[in-house]
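Just below is one structure, and these are the notes that go with it.
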Amino acid sequence: MEFRKLGRSDIDVSSICLGTMTWGEQNTEADAHDQLDYSLAQEVNFIDTAEIYAVPTKAKTQGLTEEYIGSWFKARGNRDKVILATKVAGRSGMSWLRENEEIPRLTKEQIFYAVEGSLKRLQTDYIDLYQVHWPDRPFGAFSGRLEYKHMDTSDSIPLEETLDALGELVKQGKVREIGLSNETPWGTMKYLQHAEAKGLPRVASIQNAYNLVNRGFEIGLSEVAAHEQVGLLAYSPLAQGTLSGKYLNGQMPQGSRMALFGDGPLMYRYKNEKTMKAVEMYVEIAKKYELDPSQLAIRFCDIQPFVTSTIIGATTMEQLKACIDSIHLDLNKEIMNEIRNVHKEIPNPSP
């Protein structure tokens, strides 16, 4: 396993990060513990979760994922072996997240409330990386487009207030490093600007979607990552399982996320003709070189210079083992040239 610095911090994280959003929905607590045990044995020291998990989000299952991780820490006594990342939700209609059914916002009061809930569920007194799950202002990360469309931001919580709150949590020792998720180049640079001006914690990472059919991070954010050492935590490297090839030719495997939640958040972006054509071409490359398509897709993310860690997720141990084993793949020049040619022909069909 390769280890990389988290931003400019002294924290070393594995290049594979264990994603957890299915725990509490598709996976039981016992499943979660098995995945955690296996991953740690394979030197995966980085775990990513969020206060809203499990996904799809609903009041009944909210917080279960963090609870499963917390019970694992308690049972194993190994909190010090793990770099733990979780997230505070941005503005949304998920009123069950807050006291008195308030609409979630990135205010100081709500961030403090959220972190206490996460710490309690996780059965720990600190979080290694605390991330803003999505901006408070209107944003386009889930829009299915790459272009920016301006909207009124006058009632948004100022970034300074959010950063001040995160900085206070760092001072209190409840958070070691801070990060962003589903952010833009402008938003990331504003956080960095405010941090420098006010002596507040720097953003260490940004967790955005990145995969073979959605390479939007390369447009702007990759430059920020390089100059500012704000590395990408790449989520959805398999495009919600699409890049495994299991949905080609109209297939719909029983128990798959598309079969269960085909109309759910983020699934829609992969349900188009261009995406399926691109996936078919990437799967053919994998077959040509006798590689597993899923491992090819994950390894592609892992070797990008702006990626700190690639977040994998699995509902079965077989899937988990295959995802982690992707670190052993050698994507030579011939393979990378073929990937480049597909991208030129069908660029970003699933932004």
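Between the C-alpha center of the stretch 1-54 and that of the stretch 83-137 there is a gap of 19 Å. Within the chain, antiparallel bridges make up roughly 10 percent of the DSSP beta bridges whose residues both belong there. Beta bridges assigned by DSSP with both partners in the stretch 194-338 are antiparallel in approximately 10 percent of cases. For a label point 7 Å from the Cα of ASP12 along Cα→C-beta, name the residues of the stretch 102-133 whose backbone N is under 20 Å from it. Once the point is set 7 Å along Cα→Cβ of ASP12, 128-129 turn out to lie under 20 Å by backbone N, inside the stretch 102-133.
Between the beta carbons of GLU101 and ARG340, assuming R0 = 45 Å, the FRET efficiency works out to 0.35 to the nearest 0.05.
Seen from LYS171, the other residues with C-beta closer than 14 Å to its C-beta sum to a net charge of +1, counting Lys and Arg as +1 and Asp and Glu as -1. What does the C-alpha gyration tensor say about the overall shape of the stretch 175-241? Classify as rounded when a/c is under 1.5, otherwise prolate if a/b is larger than b/c, or oblate. Cα axes put the stretch 175-241 in the prolate bin. Residues whose amide H lies under 5 Å from that of PHE46, counting only those 5 or more places away or on a different chain, are SER14, LEU18, ILE83; hydrogens are built 1.01 Å from N in the peptide plane. Check SER181: other-chain or 5+ apart residues with amide H under 5 Å from its amide H, H built from backbone geometry? Excluding prolines and chain starts, which carry no amide H, the hits are VAL132, GLN207.
Can you tell me the FRET efficiency between LYS287 and GLN254 if r is taken as the Cβ-Cβ distance and R0 is 25 Å, rounded to the nearest 0.05?
E between LYS287 and GLN254, to the nearest 0.05, is 0.55.
Once semi-axes √(5λ) of the Cα gyration tensor in Å is calculated for the structure shown, the corresponding label among (i) 33, 24, 22; (ii) 30, 23, 20; (iii) 26, 26, 20 turns out to be (ii). Were the residues from LYS74 through ILE303 laid out at 0.36 nm apart, the gain over their Cα-Cα distance would be 79.0 nm.
FRET efficiency for ALA59 and ASP125, Cβ-Cβ distance as r, R0 = 35 Å, nearest 0.05?
Plugging the Cβ-Cβ distance into 1/(1 + (r/R0)^6) gives 0.85.
LEU64: net charge of surrounding residues, Cβ under 9 Å, Lys/Arg +1, Asp/Glu -1, itself excluded? Local charge sum for LEU64: -2.
What's the longest bit of the chain with no exposed trypsin sites (Lys or Arg not before Pro), using DSSP loop states and at most 14 other Cβ atoms within 10 Å as the test?
150-351
As a test of the formula, what do you get for the chain when each DSSP H run with n ≥ 4 contributes -39,500 (n - 2.57) and the sum is divided by the residue count, at 222 nm and rounded to the nearest 500 deg cm²/dmol? -11500 deg cm²/dmol, from helical runs alone. Longest span of the chain, sites excluded, free of GluC sites (Glu not before Pro) in DSSP loop with at most 16 other C-beta atoms within 10 Å? After excluding every exposed loop site, the longest remaining stretch is 148-289. Farthest toward the positive end of the dipole of the chain, out of MET189, ALA141, ILE127, is the Cα of ALA141, where the dipole comes from beta carbon charges about the Cα centre.
Coordinate-derived values only; no laboratory data. Please read these numbers as outputs of a predicted model, since none were measured by experiment. In this analysis, Cβ positions are derived from the backbone assuming ideal geometry, glycine residues included, and neighbour counts consider all displayed protein chains.
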